[in-house]
1. Which whole-Hz ³J(HN,Hα) couplings does region 322-337 yield from phi under the Karplus relation 6.51 cos²θ - 1.76 cosθ + 1.60, θ = phi - 60°, glycine and proline marked x?
2. What's the local net charge at HIS232, with K and R +1, D and E -1, over the other residues with C-beta under 12 Å away?
3. Can you give me the distance in nm between label points at GLN46 and VAL318, each placed 7 Å from the Cα along the Cα-to-Cβ direction?
4. Please work out the FRET efficiency for the pair LEU346 and THR56, using the Cβ-Cβ distance as r and a Förster radius of 41 Å; give the result to the nearest 0.05.
5. For region 292-400, what D do you get in µm² per second when you plug the Kirkwood radius from alpha-carbon pairs into Stokes-Einstein at 10 °C and 1.306 mPa s?
6. Long-range amide H contacts for GLY300: which residues qualify at under 5 Å (H placed 1.01 Å from N, peptide plane, sequence gap of 5 or more or a different chain)?
7. For n ≥ 4 DSSP H runs only, could you compute -39500 (n - 2.57) per run for the chain, divide by its residues and tell me the 222 nm figure to the nearest 500?
8. Which chymotrypsin sites (Phe, Trp or Tyr not before Pro) does region 269-326 hold that lie in a coil by DSSP with at most 15 other beta carbons within 10 Å?
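The values are calculated or read from the model by the stated rules, or taken from the named source; none is laboratory data. Computed from a predicted model, the values in this text were never measured in an experiment. As a convention, Cβ positions derive from the backbone with ideal geometry for all residues, glycine included, and neighbour counts pool all protein chains shown. Accessible surface areas use protein heavy atoms only, side chains included; no ligands, DNA or RNA. Shrake-Rupley method; radii C 1.70, N 1.55, O 1.52, S 1.80 Å.
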Amino acid sequence: MMRHMRPHGPVVRTVRHDPADRPLLVIWEATRACALSCVHCRAEAQPRRDPRELDTEEATELMRQVASFGRPSPIFVITGGDCFEREDLDELVRRGRGLGLAVAVSPSGTAKLDRAALVRLQEAGVTAMSLSLDGATAQVHDGFRRVPGTFDRTVQAWATARELGMKVQVNSTMSSRTVHELPDLAALVREYGAMTWSAFMLVPMGRGVDLGALSAQQCEDVMNYLYDLGPHVPVKTTEGHHFRRVALQRAVLEERGADHVEVMGLGELYAELTERTAVFGWGDAVRARRPPVNVNAGYGFVFVSHVGTVHPSGFLPVSAGDVREQPLPEIYRSSELFTGLRDTSLLTGRCGTCEFARVCGGSRSRAYATSGDPHASDPLCAYEPGSFPYAEDVAALLAS
Ligand code: SF4
């Protein structure tokens, strides 16, 4: 990876191979079936499987197409709905591994997520698993997931996975209903241990439309808070691309010895989250800060739906093709939708004039969800292009 460096390490990582040629991640929605009905569900999950889903052989062909991108192969993530609704899940993991892919799964916190299932997955060769935890207590999390017992099952699966030596990513949705849970969630992640903790910046689509998205100011507060957690928790963001802008700004401000609260214009939410975390008394850094990676919808990232249609992200419901009709690498490399999204000169509004566009680019999914235009500004970003006072320092970091 190329790095935007400061003396003691990278601030933002840029993928070494060309992300326009080969994605880092291929996310496959194996099914939309799920026993839960979470209030923010992208997929508007259904109780039963769709007969049009890719079957075992078609899914194997998809994995062959993923392997044909070349080495190192993209990570193949099997998601849903609930991927445990597929009886062939273990077999698919086994076949993916046989094709030389790293295969990760993203199940729901249902009764199917038990120890026996995790052992079978591990024997099949699964590389990692992600789990969703939106609250630090059963009351908040189960309220969000709408099924009692989901919190306990998820935490139990987390403990079992760790015991089995599996890598675990924890995903938490940022919304006005759950944002005050952040300090306690951070403490939980720190205590249980995780490969990554991903803060999902809600995209208003599916059932998430009515969920109380954060304001741009609150998002700025949250991202700066997440940056502060970096030396203690392996934090990243999903659909929160301007976290890379925040990381660059904070690195510059640290070098300058400037007050980030004042320069970044941080507000009450930042003060509240910081104060509540201070009581934990975590002290010195326990880990190296994890620099965010420069990937975006259609740039390092591709989503294949349950019926085989290809999208720049799971939150951007515009299709660029169908893997039943055209190989995935062809669609990824050449479709107008994907090549257009990779062209930052097509960005409009604030994102179009922003000095951070090349390492950020904003959430194309949120731009589409709120305006119908995937090239429009990301409404969850509060930054006014050109307003950061240390432009030369930023330019030097971006050039390094
Ligand atoms: S204005 Fe757009 S490109 Fe600039 S930091 Fe915000 S989201 Fe990123």
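1. 9, 5, 6, 10, 8, x, 3, x, 5, 5, 5, 7, 10, 5, 4, 4
2. Around HIS232, the charge tally is +1.
3. Going by the 7 Å Cα→Cβ label model, 2.6 nm.
4. 0.60
5. 107 µm²/s
6. Amide H neighbours of GLY300: LEU24.
7. That calculation yields -10500 deg cm²/dmol at 222 nm.
8. For chymotrypsin sites (Phe, Trp or Tyr not before Pro) across region 269-326 that sit outside H, G, I, E and B with at most 15 neighbouring Cβ atoms in 10 Å, the list reads PHE280.
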